[in-house]
Amino acid sequence: MKVTSTAIADVLLLEPKIFGDSRGFFFESFNQRAFEEATGVKTQFVQDNHSLSAQGVLRGLHYQVQNPQGKLVRVSKGAVFDVAVDIRKDSPTYGKWVGQILSAENKLQLWIPAGLAHGFLVISESAEFLYKTTDYYAPQHERCITWNDRDLNISWPTLDIFPKLSGKDTTGIKFIDAKA
């Protein structure tokens, strides 16, 4: 697996080794030993999640104030623009964001360490999004930063429609008010 650092040093882009021929392809989507050797990250995943979203759905920017989750994210169908925002106040990249297109075609994965907010926008007709987490979902500790916060100035891809948001995502707070 090839690992590339991003503008937020501990957010890592992972490119798996693909074995393919006229029959199709094979790749290991996760191997604990290979992940640790390639990234230097020693962690344990406790939960796998799988979501299906229509084009224009924007989920996020989510984080947990207690039990923060590290996430290893990928797309198995379609494509998304995936975003991580550093909300760790003691971090040199506090307030910075990184974005990456993840798709079934490119098979890229993003490692997002605990302490960052996360969200994605579906840019294909639909997308199946899979992610492993390092801690359990704790709805009582979940928070959401508004996706279009002016202080963050995230360059979301342009769609012909306004993003489709969940109820909780329409009531996201400003970045300046986020507590990590």
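Centre-to-centre separation between the Cα atoms of region 59-107 and those of region 1-29: 16 Å. Taking GluC sites (Glu not before Pro) across region 74-180, the ones in a DSSP loop with at most 16 further Cβ atoms lying within 10 angstrom of their Cβ are Glu105, Glu125.
Can you give the helix-only mean residue ellipticity at 222 nm for the chain, where every DSSP H stretch with n ≥ 4 adds -39500 (n - 2.57) and the sum goes over all residues, rounded to the nearest 500 deg cm²/dmol?
Here the helix-only value at 222 nm equals -1500 deg cm²/dmol.
Each residue of region 50-56 was assigned a 3J(HN,Hα) from its phi angle through the Karplus curve 6.51 cos²θ - 1.76 cosθ + 1.60 (θ = phi - 60°); the sequence is 9, 10, 10, 9, 7, 4, x Hz, with glycine and proline shown as x.
Summing +1 for each Lys or Arg and -1 for each Asp or Glu among the other residues whose beta-carbon sits under 13 angstrom from that of Asp82 gives +3.
With Cα atoms as the point set, the radius of gyration and Dmax of region 127-180 evaluate to 13.4, 36 Å. Each residue of region 160-165 is assigned a 3J(HN,Hα), and the resulting list reads 7, 10, 6, x, 8, 10 Hz, derived from the Karplus form 6.51 cos²θ - 1.76 cosθ + 1.60 (θ = phi - 60°), x at Gly and Pro. Shape of region 1-61 from its Cα gyration tensor (a ≥ b ≥ c, root eigenvalues): rounded if a/c is under 1.5, otherwise prolate when a/b > b/c, or oblate? In terms of gyration-tensor shape, oblate.
On the principal axes of its alpha carbon atoms, the chain extends 49, 38, 28 Å, with the longest extent given first.
Is the shape of region 89-180 rounded, prolate or oblate, going by the alpha carbon gyration tensor and its root eigenvalues a ≥ b ≥ c, with a/c under 1.5 for rounded and a/b larger than b/c for prolate?
Verdict is rounded for region 89-180.
At most 16 other Cβ atoms within 10 Å and a DSSP loop assignment: could you name the GluC sites (Glu not before Pro) in region 1-94 that fit?
When the GluC sites (Glu not before Pro) of region 1-94 are filtered for loop state and at most 16 Cβ neighbours within 10 Å, Glu28 remain.
If packing is taken as the average count of other Cβ atoms within 10 Å, what order do 4-11, 66-73 fall into, highest mean first? Provide the component values of the computation, followed by the final result.
On the way: 4-11: 15.9, 66-73: 20.1.
Packing order, densest peptide first, comes out as 66-73, 4-11.
No value in this document is a laboratory result; all are computed from the given coordinates. Predicted model only: the values in this text are computed from it and were never measured. Here the Cβ is made from the backbone with ideal geometry for all residues, glycine too, and neighbour counts use every protein chain on show.
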